[in-house]
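Just so you know, all these numbers are worked out from the coordinates, no wet-lab data involved. Predicted model only: the values in this text are computed from it and were never measured. Here the Cβ is made from the backbone with ideal geometry for all residues, glycine too, and neighbour counts use every protein chain on show.
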Amino acid sequence: MTQTDRDALLDAALIHVPFEGMNDLALAAGARDIGMDADLVRVLFPQGGAGLAAAYHRRADAALRQALSETSPEGRFRDRVAEAVWRRLQLSDPELVRAGASTLALPQNATLAARLIWETADVIWTGLGDRSQDVNWYSKRATLTAVISATVLFWLGDESEGRADTRAFIDRRIDGVMSIETLKASLGKLPGAGRLTRAAFGWVRAPRDRALPGRSR
């Protein structure tokens with residue numbers, strides 16, 4: 001059993017998702033297509049449909065990480081963030097995302113769903129050069145997570161030409177994020193603000209292991 005086996009099953013199962021949904025049925029059909037033993041399916045995807053949805057999501061995250069390492073967006077920082085979010089959408093198929101969202105919306109998958117969006121936010125911030133080590137590491141990802149979640153919902157229902165309305169939606173949301181960052185910077189310049197911040201949050205540190213995306217479970 002190798003990562004190649006898992007990738008092969010992922011590719012085969014995704015073909016069936018539009019007909020079966022993001023679930024065990026798609027995995028079973030994919031396994032039959034490639035002649036894989038049914039017992040191996042549960043080994044490769046112990047979470048079933050949720051694991052399939054996560055694998056598809058993380059594959060796109062990995063592609064975005066690679067793209068950002070090769071060609072980083074240019075312009076103002078807010079434009080770079082917006083472009084990175086837009087690129088991430090282009091790496092996904094709306095029909096597959098919709099199917100995955102239906103599976104991840106189940107109560108038992110809520111934690112995984114939240115983690116996946118957080119991982120995407122981390123890929124974007126890290127790919128754009130964020131090196132924060134304190135509470136800002138968390139606040140940046142938390143605000144971008146909210147942006148990504150809202151954007152995906154808008155994107156799935158967008159029927160505009162080239163999904164231009166989604167691009168405009170991203171710009172508006174990112175403006176909000178940048179406003180928060182600007183406010184935080186302004187407040188940080190107030191007399192005594194730095195001391196208060198260190199006293200309240202000085203113990204908060206970014207996790208040592210930042211390689212969140214790409215985990216198989």
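Values as computed for the structure displayed
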| item | result |
| --- | --- |
| Mean Cβ count within 10 Å, highest first, over the residues of peptides 105-111, 127-133, 54-60 | 54-60, 127-133, 105-111 |
| Cβ-derived FRET efficiency at R0 41 Å, GLN90 paired with LEU40, nearest 0.05 | 0.80 |
| Point-to-point label distance, ALA110-GLN66, nm (Cα→Cβ direction, 7 Å offset) | 3.6 nm |
| Whole-angstrom gap from segment 135-166 to segment 1-80, using each part's C-alpha centre | 21 Å |
| Length released on extending from ALA29 to LEU128, taking residue separation times 0.36 nm less the Cα-Cα span | 31.7 nm |
| Relative exposure of PHE45, PHE169, PHE19, judged by other C-beta atoms within 10 Å (fewest first) | PHE19, PHE169, PHE45 |
| Nitroxide proxy distance, nm - points 7 Å out along Cα→Cβ at PHE19 and ASP5 | 2.6 nm |
| For segment 59-72, 3J(HN,Hα) per residue [Karplus equation, 6.51 cos²θ - 1.76 cosθ + 1.60, θ = phi - 60°, Hz, x = Gly/Pro] | 5, 5, 4, 4, 5, 5, 4, 5, 5, 5, 6, 8, 9, 7 |
| Amide N of segment 57-90 lying under 20 Å from the label point, which is placed 7 angstrom from the Cα of SER139 along Cα→Cβ | 77-79, 81-82 |
